[in-house]
Amino acid sequence: MRLSIKALSYFLAAAEHRSIARAAAELHVVPSAVANAVEQVEQAFELKLLERYPAKGVKPTAAGFELMRKIRHLLDEYQNLMLEGTELRTALSGKLSVGYYAPVAPAFMPAIVGPLIRDHPDVRVRFVECDNEGAQAGLLDGTYEVIVFVAENVRPGIEWETLIEAPPYLLVSRDHQLAKKRAVTFADMAGLPLVLLDLPFTSEYYRALLENNGVAADFVAAASTTEMVRSLVGAGVGGAVLNMRPATDVSYAGAAVAAIPIRSSAPPLRLVLGLQSGKPRRLVEAFAAACRAHFALPKADELIVPAKS
């Protein structure tokens, strides 16, 4: 027989008060509830724990005294657990693990989390870069408490909301002839060597985007990071189609690049915030609120290159 915390607390109250009636009065329950709890505890351990004396109450046996000590310790630990759990949910402190699939996350994530850490010195945040599927799987298995990812094939059990929509744009070196244009079409990319951002989902997205718009893509290089793509483009290896951009037009290698809007009705990528269904703890709520606030600012528009109609 499994014993509930309630049954153990009722038994302890009866043993401490030496009276089922007085225990019931303290617990604001009927005496029969306490008497039933005492019987449940004795049956569970198959021990005589309280001696009953008509009109005089009850008295713990030797085994009863021993069990009282253990139950008291257990109930104290239970109360501590509940207090710590409440603090974990409500306090702006502790560790937060964030999974992200956002190639230019370094361009916006520090501005989101920086004030949170500065204002709450007990907060610790760990960022883990992963692919879109890995981010979602990690959220559902508890590896991450919050994720930032692309809204594609979102798994059941994940609550998500759009942070920003990012249309595709063309990236070329600053001295490329297309850099002089205010906007380009997909037809302008005919014959242009391309560098592919070769990541799960994005690789298929860019290939399909070009194919659906009549571009026979000639990928001369591929890279798994946005910055490597930008550096290759800056070095004149080719152009690239991307969706989000950092705040600088200079690559790690020091070469200048130019982001050119594309005249197209191609659907944008949606960068979204993902949480597990249910009530998150306060630190997760604070991070989510900081994400919403950041992407509501006009400055967030600098992360995208608006499409031209």
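Values in this text are rule-based calculations from the coordinates and carry no lab data. All values derive from a computational prediction rather than experimental measurement. Every residue, glycine among them, receives a Cβ derived from its backbone with ideal geometry; neighbour counts consider all protein chains shown.
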Inset, instruction - Pop a pseudo-label 7 angstrom from the Cα along the beta-carbon direction at both PHE65 and ALA190 and give the gap in nm to one decimal. - result: 9.9
Legend entry - Förster radius 30 Å - calculated FRET efficiency between GLU133 and ASN212, Cβ distance, rounded to 0.05: 0.80
Legend entry - Over the chain: helical MRE at 222 nm, DSSP H runs n ≥ 4 each giving -39500 (n - 2.57), nearest 500: -12500 deg cm²/dmol
Legend entry - FRET E, pair GLU159, ASP198, Förster distance 25 Å, beta-carbon r, rounded to 0.05: 0.25
Inset, instruction - Within 10 Å, count the other beta carbons around each residue, average over each peptide in 120-128, 235-243, and list them highest first. - result: 235-243, 120-128
Legend entry - Of GLN40, LEU283, LEU209, farthest towards positive along the dipole that unit charges on Lys, Arg, Asp, Glu beta carbons give the chain: GLN40
Legend entry - Among SER173, SER203, SER32: highest mean-square fluctuation, GNM of the chain, C-alpha pairs under 10 Å: SER32
Inset, instruction - Taking every pair of alpha-carbon atoms in the range 168-261, give the share separated by more than 15 Å as a whole percent. - result: 54
Inset, instruction - Work out, step by step, the length gained on full extension between PHE219 and LYS308: first 0.36 nm times the residue separation, then minus their alpha carbon distance; give nm to one decimal. - result: 29.6 nm
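Relative to the present Cα-Cα distance, how much length would full extension add between GLU16 and ALA300 at 0.36 nm per residue of separation?
95.9 nm
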Legend entry - Whole-number percent relative contact order across the chain, with pairs defined as alpha carbons under 8 Å at least 6 apart: 20
Legend entry - Beta bridges by DSSP in the range 102-243, antiparallel share as percent, to the nearest 5: 35
Legend entry - Stretchable slack from ALA289 to GLU39, in nm (0.36 nm times residue separation minus alpha-carbon distance): 84.9 nm
Legend entry - Diffusion constant of the chain at 4 °C, which comes from Stokes-Einstein with the Kirkwood Cα-pair radius and 1.567 mPa s, µm²/s: 54
Inset, instruction - May I ask you to order 153-162, 189-198 by the average number of other C-beta atoms within 10 Å around their residues, highest value first? - result: 189-198, 153-162
Inset, instruction - Working from Cα positions, state the angle (0 to 90°, nearest 10) between the long axis of helix 109-119 and the longest principal axis of the chain. - result: 40
Inset, instruction - Would you give the gap between the C-alpha center of the range 204-223 and the C-alpha center of the range 8-82, rounded to a whole Å? - result: 74
Inset, instruction - Compute the distance in nm between two label points, each set 7 Å from the Cα along the Cα-to-Cβ direction, one at LEU178 and one at GLU46. - result: 8.1
Legend entry - Charge dipole of the range 168-261 about the Cα centre (unit charges at C-beta), most positive-ward option of VAL195, GLY239, ALA179: ALA179
Legend entry - FRET efficiency, GLU26 to ARG126 (Cβ-Cβ, R0 45 Å, nearest 0.05): 0.45
Inset, instruction - With a 10 Å radius around each residue's Cβ, average the other Cβ atoms per peptide and rank 285-295, 41-51, highest first. - result: 285-295, 41-51
Inset, instruction - Could you check what % of the DSSP bridge pairs in the range 168-261 are antiparallel, to the nearest 5? - result: 60
Legend entry - the range 5-90 shape via C-alpha gyration tensor axes, a/c threshold 1.5: prolate
Inset, instruction - Starting from 0 in steps of 5 Å, tell me what percent of the Cα-Cα pairs of the range 73-188 lands in each bin. - result: 2, 9, 14, 14, 14, 13, 11, 8, 6, 4, 2, 1, 1, 1, 1, 0
Inset, instruction - State to the nearest 20 debye the size of the charge dipole of the range 168-261 about its Cα centre, where the only charges are +1 on K and R beta carbons and -1 on D and E beta carbons. - result: 320
